[in-house]
Amino acid sequence: MRHLSLLATACLACLASPLAAQNAPDAAQVHAGILTLDTHLDSPANLDQPGWKITDRHDVLHDTTQVDLPRMIEGGLDGGFWVIYTDQGPNDARGYAAALAHALKRLHQIHDFVAANPQSFALATKASDAAKIAAAGQRIVYVSMENSYPLGTDITNLEAFYQLGLRMAGPVHNGTNQLADSTNGEAVHGGLSDLGRAWVQEANRLGIIIDASHAADSSFDQMLALSAAPIILSHSGPKALHDHPRNLDDARLKALAARGGVIQVNSLFLSPDRPRPTVDALREQMETAASLPPSERAALMKQWAEANAAEPRSGTDFDRYMQAVFYCIDLLGVDHVGIGADWDGGGGVIGLNQISQIPRITQALLARGLSPADVEKIWSGNVLRVMAEVERVAALR
Ligand SMILES: [Zn+2]
């Protein structure tokens, strides 16, 4: 039996790879011709670094950052969802006030880099904006919120953020909050709180895509059941590949797809974490990096980047990442899978570690036999379909 199954695997491989590769369209041409969006760009956090500009070219090996305008151009990334990320703090009035101030600062930083570079970036608020912005030669900036903790207990704050451009939001990050239980937090509400349920309805009413990445399975189930519009996982993975709380089991992924949703495949949590003694030893110093004189700071950043390169978080490489993407495609079909690699939020794998390298993804999808039209669904069509449906549902409310 063992020999037979090996033989079967080998035959499938000879059928799939060489023939598909021979007939595959030119990957560079396809990549340049399609609309590409990543649904979880944590890059706005880099705007806190003194002197760091989105329009300058950086290198992951020098400062660990993964996305900027020159590397987006080189990698052919048209844009994505730029994240207002807020650390989870205490669930009390002071915590909410501090989180709100932080989130507003980050939102303004996003608006500021768009306003300062109108030839290069444009704020997008509708599904139909993306193609127009790309056609004008600009990069697409949708705004999303990772952790809705900053909204506090006043759900009308969501509308204030919507008015300022917010179009995707997740209730939680690593820690249960006033809205929902997190994958990495205590089970306090058994899923969504009453406020969390009101948050789902308000997101539906306004036309904000609900992002269930980081939400506990119970919260995911309840958001999926309650939401009148499809929901998304902006950066999550399949549990079948690696049993990690941040990944979802097949039944949940199928339920997501059945409701029209999409999983944007994360590059994190696809294999076990490895020890990182040098990286861990530098963490405390990194906390104070922003206050160091420029030359000391640059030296520390370089040391940090070298340690990160020498000690990757896990053994996940490009092939493993694509294995996760293909797994989701095989399970759900091409209409329910996309790309959300968690750039500048801990993502990146061996062989795919900054945004300039993403043409490799298109190349691998084409080599697997996907048509250019299906590749474009994965890169942008699916998330934009969800967004258009969210808009349609909101218009009825
Ligand atoms: Zn995240």
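The values are calculated or read from the model by the stated rules, or taken from the named source; none is laboratory data. Given the structure is predicted, the values throughout are model-derived calculations rather than measurements. We place every Cβ from the backbone using ideal geometry, glycine too, and count neighbours over all the protein chains shown.
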Single unsatisfied condition, Gly80 versus (1) crowded, with 21+ Cβ neighbours inside 10 Å; (2) farther than 30 Å from Ala32 by Cα; (3) within 16 Å of the ligand (Cβ to nearest atom): (2)
Among (1) surrounded by fewer than 20 Cβ atoms within 10 Å (Cβ to Cβ); (2) modelled with pLDDT under 95 - the single one Gly369 does not satisfy: (2)
Cβ pairs under 9 Å, 6+ apart, first in the stretch 234-247 and touching a residue at least 24 places away in the same chain (Cβ under 8 Å), second β-branched (Val, Ile, Thr) and assigned to a loop (DSSP other than H, G, I, E, B): His242/Thr316; His244/Thr183; Pro245/Thr183; Arg246/Thr183
Enumeration of residues in the stretch 276-328 that are part of a helix (DSSP H, G or I), surrounded by 15 or more Cβ atoms within 10 Å (Cβ to Cβ) and free of Cβ contacts under 8 Å to residues at least 12 places away in the same chain: Ala298
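Would you please name the residue that is farthest from the ligand (Cβ to nearest atom), looking only at residues in the stretch 214-224 that are among the aliphatic types (A, V, I, L, M) and not in a helix (DSSP H, G or I)? Spell out how you get there, then give the answer.
Kept after step one, since they are among the aliphatic types (A, V, I, L, M), are these residues of the stretch 214-224: 215-216, 223-224.
Then keep just the ones that are not in a helix (DSSP H, G or I); that gives 215-216.
Working: Ala215: 11, Ala216: 14 Å.
Checking each candidate, the answer is Ala216.
Going by the structure shown, is Asp344 closer than 29 Å to Leu47 by Cβ and within 16 Å of the ligand (Cβ to nearest atom)? Full working, then the answer.
Values: closer than 29 Å to Leu47 by Cβ: yes; within 16 Å of the ligand (Cβ to nearest atom): yes.
So Asp344 fits the description; yes.
Filter the stretch 42-51 for residues that are at pLDDT below 95 and either within 16 Å of the ligand (Cβ to nearest atom) or not small (Gly, Ala, Ser) (or both); which is surrounded by the most Cβ atoms within 10 Å (Cβ to Cβ)?
Within the stretch 42-51, the subset at pLDDT below 95 is 48-51.
Filter once more, so that each one left must be either within 16 Å of the ligand (Cβ to nearest atom) or not small (Gly, Ala, Ser) (or both): 48-50.
Values: Asp48: 11, Gln49: 15, Pro50: 10.
If we take residues in the stretch 42-51 being at pLDDT below 95 and either within 16 Å of the ligand (Cβ to nearest atom) or not small (Gly, Ala, Ser) (or both), then Gln49 is surrounded by the most Cβ atoms within 10 Å (Cβ to Cβ).
Filter the stretch 225-251 down to the residues that are assigned to a helix (DSSP H, G or I) and in contact with a strand residue (DSSP E or B) (Cβ under 9 Å, 6 or more places away or on another chain) and list them by number.
Within the stretch 225-251, the first condition is being assigned to a helix (DSSP H, G or I), and the residues that meet it are 225-226, 250-251.
Hits for the stretch 225-251 are Leu226, Asp250.
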Asn177 modelled with pLDDT under 95 and either under 17 Å from Leu248 (Cβ atoms) or within 15 Å of the ligand (Cβ to nearest atom) (or both): no
Test for Gly351: is it exposed (fewer than 15 other Cβ atoms within 10 Å of the Cβ), without any contact (Cβ under 8 Å) to a residue 40 or more places away in the chain and within 24 Å of His242 (Cβ to Cβ): yes
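Could you check the stretch 229-247 and list, in sequence order, the residues that are within 14 Å of the ligand (Cβ to nearest atom) and crowded, with 24+ Cβ neighbours inside 10 Å?
Narrowing the stretch 229-247 to residues within 14 Å of the ligand (Cβ to nearest atom): 232-237, 244-247.
Those that are within 14 Å of the ligand (Cβ to nearest atom) and crowded, with 24+ Cβ neighbours inside 10 Å: Ile232, Leu233, Ser234, His235, Ser236, Gly237.
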Those residues of the stretch 254-275 which are within 21 Å of Gly347 (Cα to Cα) and either small (Gly, Ala, Ser) or touching a residue at least 60 places away in the same chain (Cβ under 8 Å) (or both), in sequence order: Val262, Ile263, Gln264, Val265, Asn266, Ser267, Leu268, Leu270, Ser271
For Lys132: the one exception among (1) touching a Leu at 6+ places or on another chain (Cβ under 9 Å); (2) more than 16 Å from the ligand (Cβ to nearest atom): (1)
Residue match in the stretch 335-347 (condition: under 21 Å from Leu268 (Cβ atoms), touching a His at 6+ places or on another chain (Cβ under 6 Å) and at pLDDT 95 or above): yes
Per-region count, the stretch 83-116, residues surrounded by 20 or more Cβ atoms within 10 Å (Cβ to Cβ), of a type outside the set (Ser, Thr, Tyr) and closer than 17 Å to His173 by Cβ: 6
Only listed residue being within 16 Å of the ligand (Cβ to nearest atom) and hydrophobic (A, V, I, L, M, F, W, C), chosen from Val279, Val349: Val349
